[in-house]
1. So, in the stretch 255-272, exactly how many residues are open to solvent by less than 50 Å² (accessible area, probe 1.4 Å) and over 22 Å from the mean Cα position of the chain (by Cα)?
2. Sort out which residues of the stretch 162-218 are of a type in the set (Lys, Arg) and buried (at least 19 other Cβ atoms within 10 Å of the Cβ), and write them in order of number.
3. Identify all residues within the stretch 135-160 that are closer than 16 Å to GLY196 by Cβ and surrounded by fewer than 21 Cβ atoms within 10 Å (Cβ to Cβ); write none if there are none.
4. Taking SER94 as meeting all but one of (1) within 30 Å of GLN258 (Cα to Cα); (2) at pLDDT below 65; (3) out of contact with any Lys or Arg (no Cβ under 8 Å at 6 or more places or on another chain); (4) open to solvent by 70 Å² or more (accessible area, probe 1.4 Å), write down the number of the exception.
5. Of all residues in the stretch 50-69, count the ones that are free of Cβ contacts under 8 Å to residues at least 24 places away in the same chain and surrounded by 14 or more Cβ atoms within 10 Å (Cβ to Cβ).
6. Just checking, does the stretch 238-248 include any residue being within 17 Å of VAL137 (Cβ to Cβ), out of contact with any His (no Cβ under 7 Å at 6 or more places or on another chain), among the aromatic types (Phe, Trp, Tyr) and surrounded by 13 or more Cβ atoms within 10 Å (Cβ to Cβ)?
Amino acid sequence: MSFDRYGSDVLSSATPAPVPHRRRPVSRPQPAERGLVVEDVETGWVGAVVRVEKSGGMHVVVLEDRARRRRTFPLGPGFWVDGEPVELTAPVTSTAPAAPTRTASGSRAVANVRARVARGSRIWVEGKHDAELVEKVWGDDLRIEGVVVELLDGVDNLSEALEDFGPTAERKVGVLVDHLVPGSKETRLVAEALRGVRPGTVMVLGHPYVDVWQAVRPERVGLDAWPVIERGTEWKRGILRELGWPASEQADVARGWQRILGTVRTYADLEPSLLGRVEELIDFVTAD
């Protein structure tokens, strides 16, 4: 029943009943999150929050109405949200970095998943630099799949390593070889090592580069193309000299590689001829 402040007889001389005192509603704090629809009490402007920014030494909120017109208002009291008074405050932003949605290899990132127990199958690479590059780009994928990458220390050791490992259908080996091109020493050594190996237990793939350094796109280190190093010159030291980096000691080679590796962020910084080979090897050793 509604209250009639004048009584039932407007001509009556009786003293009217007192009007109940209503408390003025108190504004509640409301973060000005993007998309929040608010009304400016003074002007009646209704719009969604587009952004909060600092202008002229004060925080303001930009609202956009249905016609996509925008107006700017001082952040603070004087707004309504869902029929209630509010005091708009700056939205709280997290300082923690957002979790990546993709791994460096381009695969979908899977959060809160423990590494799988290592499979019997392995991926072999020729040297430490190959292993570090594979780890940087495919490390997350390999841990989820339970694949271990091991050093072969040169394709010269492939035949002996396969004999010792004894690959089977349940314990397969995928091998990544540098400079695996027709007529090369590496091609001959691989052919010799695969004689007598059971089909389907070993896959050897390679890239055409003299060294895995060349699998990094040259523009990552400020080059248009990797330079050609003359015969008789140690390739890695020749590359460092071309780059203008120290190259007199083995420690310089190690530091130079770390500088190159540091420029690699994702698979997009590598040449496709390496990417495809590594992906094939992972598929091979993880196939049931």
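The values are calculated or read from the model by the stated rules, or taken from the named source; none is laboratory data. Only a predicted model underlies this, so the values are computations on that prediction, with no experimental measurement involved. Ideal geometry is used to build each Cβ from the backbone, glycine not excepted, and the neighbour counts take in all protein chains shown. When the accessible area is computed, the model is the full protein with side chains, heavy atoms only, and any ligands, DNA or RNA have been set aside. Shrake-Rupley method; radii C 1.70, N 1.55, O 1.52, S 1.80 Å.
1. Total satisfying the criteria: 2.
2. Answer for the stretch 162-218, where residues must be of a type in the set (Lys, Arg) and buried (at least 19 other Cβ atoms within 10 Å of the Cβ): just LYS172.
3. SER159, GLU160
4. (1)
5. 5
6. The answer is no, given that none of the residues of the stretch 238-248 is within 17 Å of VAL137 (Cβ to Cβ), out of contact with any His (no Cβ under 7 Å at 6 or more places or on another chain), among the aromatic types (Phe, Trp, Tyr) and surrounded by 13 or more Cβ atoms within 10 Å (Cβ to Cβ).
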